Amino acid sequence: MGDSVNCREASRLLSVAYERRLTAQELQSLQGHLDKCFMCRNFDSQLRFLHQASQRFRTKD
Amino acid sequence: MLRLQPKKMPPVAPTTDPRFAEIEGHRPYLLRYALAQLRDRGLAEEAVQECLLAALEGIGGFGGKSSLRTWLTSILRFKVVDLQRRAVSERSHVEFDEGIAADDDGWLDELFDASGHWRQAPQAWSNPEAALEQRRFWEAFEHCLDKLPPAGSRVFFKREVLGEETEAICKDEGITPSNCWVILHRARLGLRACLEKNWFGKEAALGR
C-alpha cells in the first residue's frame, strides 16, 4: 500500500475502524488522505453521528 | 419489575387506554428488533403483537425507571425466545437474502468513480446533534433503515443499535467477519446517503 489511499478505500477504513483496530500503516494512509480530502472528513463526521444516533435509537422514548 | 399475567386476559381496547398510542408508537422499533433475531416477518409481527398486548396489560408495573422503549424490549425478548424455538422446528423455507455474498463489489462502483473518488460528495451536516431531539428526524431515520436490504438491516441493527460483538453477529448470520464488515460498510453508506437526501442535505433542509 502506498502513502495514501483514495476515497473508496478511505471510506472503507473509516467504516472498519468501528469493527477492529486499524494497523499503523492503515492509520497513516487514512490520515494522509483525510488531511487532503474534505469529503472524507465529512464522511468521518457522519459515521460518528450515525453511531451516536443508533445508540440513542435503542433507548429513546 | 413486570410480572406477566400467567393466564389469558381479554385484550385491552385500544381506544380506552390512554397509553395505547404511546406504546403503539414503538411498534416499528420493536418489529425491527424482532426481525433482527427471528429473520421471519410473520414470526416477528407475532412476537411484537404479543409484546404490545402484554405491555398494555402490565403497564401498571412500569415504574418509569428505564425508558418505555427499554421496558418494552425486555418484554419482547421473552416473546422472541419463545418464537425462536418454534422457528427452528417449524421453518419450512429458508429466507434467502441478497447482500450476504461479499464478492460482488458492484454497489461500490455506484458510489465511487474509476479513480476511487466520491461520485456525490458527502456534504457537511450542520449541527446534526440537534436532529436527535426532533421526532420527524427519527421518522426519517426509520425510513432509511427500512430501505436497507434485509441482511444489512439486521447486521447494522445488532451491531450499531444493540451494540453486539461482531463475532457473535457473524456466527448468527453464518458469515465470515470480513463479510460482516462489508455488509456494515454498505449499510452505513446507504444510511448516510438516505439521511443526507431526506434530512440533512440542503434541499431536504429547505423543504422542511
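Observations on the model:
- Residues of segment A:40-61 with amide N under 16 Å of the 7 Å Cα→Cβ point at residue B:70: A:55-61
- Shape call, segment B:29-70: gyration tensor on alpha carbons, a/c limit 1.5: oblate
- Rounded to the nearest angstrom and listed largest first, the equivalent-ellipsoid semi-axes of chain A from its Cα gyration tensor are 26, 13, 7.
- Remark on residue B:112: its backbone amide H falls under 5 Å from those of B:119, a criterion applied only to residues 5 or more positions apart or on other chains, H modelled at 1.01 Å from N.
- No Cys partner within the rule (Cβ under 4.7 Å), chain A: A:7
- Entries of A:36/B:147; A:60/B:202; B:79/B:147 with Cα pairs more than 29 Å apart: A:36/B:147
- 3J(HN,Hα) along segment B:122-134: x, 7, 8, 8, 8, 6, x, 4, 5, 5, 5, 8, 9 Hz, from the Karplus curve 6.51 cos²θ - 1.76 cosθ + 1.60 with θ = phi - 60°, whole Hz, x for Gly and Pro.
- Under the Karplus curve 6.51 cos²θ - 1.76 cosθ + 1.60, θ = phi - 60°, whole-Hz ³J(HN,Hα) for segment A:21-38, x wherever Gly or Pro sits: 6, 6, 6, 4, 5, 4, 4, 5, 4, 5, 4, x, 6, 4, 4, 9, 10, 5
- Full extension of the chain between residue B:120 and residue B:108 gives 3.1 nm of extra length, using 0.36 nm per residue less the Cα-Cα distance.
Rule-based calculations on the coordinates, nothing more; no lab input. Note that the coordinates shown come from a computational prediction; the quantities given were computed from them, not determined experimentally. Glycine also receives a Cβ, built like all others from the backbone with ideal geometry; neighbour counts cover every protein chain displayed.
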